[in-house]
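Structure first, then comments.
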Amino acid sequence: MDFKSLFVQFLSGSDTLQAATGRSLWLFLPELILCGSIVLMLLARLTSGDKLIPTHWFALIGSLSAFVVVMFQFWQLGINKEPYTVLFTGLAVHDMFSVFFRGFLLFFLVFVIALTVLSGIPDQEDAPDFYTLLCGAVVGMLVMSSANHLLMLFLGIEMASVPSYALTGFLKGRRQSSEASLKFVVYGAGAAGVMLFGISLLAGVTGTAEFGELGTRMQAIFSLGFGASHPVARIVLLAMLLIAVGFAFKLSLVPFHFWCPDAFQGASAEVAGFLSIASKAAAFALLLRFSLAVTSFQGGVIQGLSLMMGLGLGALAVVTATFGNLAAYSQTNAKRMLAYSTIAHAGYMLMAVSALLVLRSAIGGANSPTAEQMGRPVEGLLYYLAVYMFMNLGAFTIVALIRNQTFSEELDDYKGLVHQSPILAVCMAICLFSLVGLPPLGGFYGKFFIFAAVFDATKVHWFMWVVLAAGGLNTVLSLFYYLRVAKIMCIDVRPADARQVTLTAGSPSGMYLMLVTGMVLYLGIFINPLSRVAQHAAEAFL
């Protein structure tokens, strides 16, 4: 039913539009709860209510409530076996995949809020502004994960990006923080403009902005001529390239990574950890939806487009992972080192998207993949993101806790910390070795699932062997700089004039850190529960 018919029914008093809107609002309830929490925090600020009730309670209760609603919706989807439901006449979609990412982002938001309370950033005066920006960014990321329209694609990215700019420069009085925020804003505005131009070109040429129609319209266009020889095809390919620039910036892929190290070093460790995980997860969710939308038509030249996109993303993944690991080795600042680590891990995760598109290009051919092989890239990406949340959050948590006592984030000030606070050194070693991908930690299985998907794609095109080899080589390269940090903390001698660093297992910060690190161990030993959830989410694309 098109919009005109719905509008006529609305004017005539029909209940169809009202029922559809009511169902959409119920399925959109987690986002509405977060928006309500933002309103309450702003009202508390205006009425001085934040002096009676700390602002973080509004954010924490709101995010927990939204998470509970998402879990109920996940249970409902499992009971009703509905493949998907469109929201607001097709602007968004509700399926297992979107529910997984919404639950992931809200669960992570709870952990980030708890970390900020324990670390003391922000203070009471700035808390309403900080948590408003934090929750506002997550609302945009939730929109990204369920977008089903080019308008929602751009709207979600900007809703997530604008609060992130302010959060990066939230440390008042620090020139480095303000400079990082300014760079982030300038580069982000440029990337947004390029992406919006690409979206307008794609929507104008294809005549639609709905994801469900893009594949069919592009098949009709490319059937007249695929490549640079056809003028309309050239415009479509240019539009795809411009949109890819926006995704590459959001995912900090080479060569659009330049904002990431400066932004992470200038921001607080809590904000850097939030950006390294939440923004990547939402961007990958949106990239998957968009990529599968433009290649949704099975057969014809669209399969050639799918192969071309898959190989292009594979090459970009190789360059990104290699550059990130090589650049991280020479860093002396902990946050900057983790920023380049984030770039490298974005490359690993991009390999899963590349494998999925390459496999889709072979459907119906001699090397047609099975349903299990088609689901493996998405399952691997989701498992990797879940483990990445805990191991990267653990690393940034340790950086924040050490910063509060040493007032430094330089690696030289981490020397011999094992003698003063063994829990910090041991937990950091666990997180770093999981980032490498060593068994029996969760990072090992995350990389294993992704590399298995890339291996499946080698049967379709030989270049995926290059991607697989590069992934293995980069895993070895990353061991050197991660092991260097563990060596500094556990083997080097603590200088006599160094500040004292203490953290007990019974303190709130110690229990929080052990919980996060314990999840890294748990996901490496008990892989089935999360793996089954990831399989259910991956079924949305089968």
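Rule-based calculations on the coordinates, nothing more; no lab input. The shown structure was predicted, so the numbers you read here are calculated from the model rather than taken from an experiment. Cβ atoms come from the backbone with ideal geometry, glycine included; neighbour counts cover every protein chain shown.
What to note about this one:
- The stretch 99-163 pair-distance distribution - Cα-Cα, 5 Å bins, rounded %: 4, 18, 23, 22, 16, 10, 5, 2
- Amide H within-cut-off set for residue 87, under 5 Å, with H built and near neighbours excluded: 92, 93, 94
- Mean residue ellipticity at 222 nm, helices only, the chain: -25500 deg cm²/dmol; runs of at least 4 DSSP H residues each add -39,500 (n - 2.57), and the sum is divided by the number of residues.
- Sorted ascending by nearby beta carbons within 10 Å, beginning with the fewest, 82, 409 become 82, 409.
- Estimated translational diffusion coefficient (Stokes-Einstein, Kirkwood radius over Cα pairs, 37 °C, 0.692 mPa s) of the stretch 303-454: 195 µm² per second.
- Taken over the stretch 161-261, the ratio of Cα radius of gyration to 2.2 N^0.38 Å equals 1.38.
- Per principal axis, descending, Cα span of the stretch 384-490 in whole Å: 53, 23, 22
- 16, 208, 116 arranged by Cβ crowding within 10 Å, fewest neighbours leading: 16, 208, 116
- Distance between the stretch 354-375 and the stretch 452-509 - C-alpha centres, whole angstrom: 31 Å
- Hydrodynamic radius of the stretch 402-451 by the Kirkwood approach over all distinct alpha-carbon pairs: 12.3 Å.
- Least to most buried among 21, 397, 295, 370 (fewest other Cβ within 10 Å first): 370, 21, 295, 397
- ³J(HN,Hα) computed for each position of the stretch 402-409 - Karplus, 6.51 cos²θ - 1.76 cosθ + 1.60, integer Hz, glycine/proline x: 5, 4, 5, 9, 9, 6, 8, 10
- Gyration tensor (Cα) of the stretch 359-415, equivalent ellipsoid semi-axes in angstrom: 45, 10, 6
- The mean sequence separation of alpha-carbon pairs under 8 Å and at least six residues apart, normalised by the residue count of the stretch 147-222, gives a relative contact order of 33 percent.
- In the chain, the alpha-carbon atoms span a convex hull of 152 Å³ per residue.
- Listed values for the stretch 187-200 are Karplus-derived 3J(HN,Hα) couplings in whole Hz (6.51 cos²θ - 1.76 cosθ + 1.60, θ = phi - 60°), namely 5, x, 5, x, 5, 5, x, 4, 5, 5, 4, x, 5, 5, and x replaces Gly and Pro.
- Greater than 22 Å apart at Cα, pairs in 447/487; 183/250; 81/447: 447/487; 81/447
- Intensity falloff of the stretch 271-370 expressed as log10 I(q)/I(0), Debye formula with alpha-carbon point scatterers, at q = 0.12, 0.13, 0.22 Å⁻¹: -0.47, -0.53, -1.06
- Space enclosed by the convex hull of the alpha-carbon atoms of the stretch 39-147, per residue, Å³: 99 Å³
- Within straight-line reach of residue 172, meaning a Cα separation under 14 Å, sit the following aspartates and glutamates at least 8 residues removed in sequence or on another chain: 123, 125, 126, 129.
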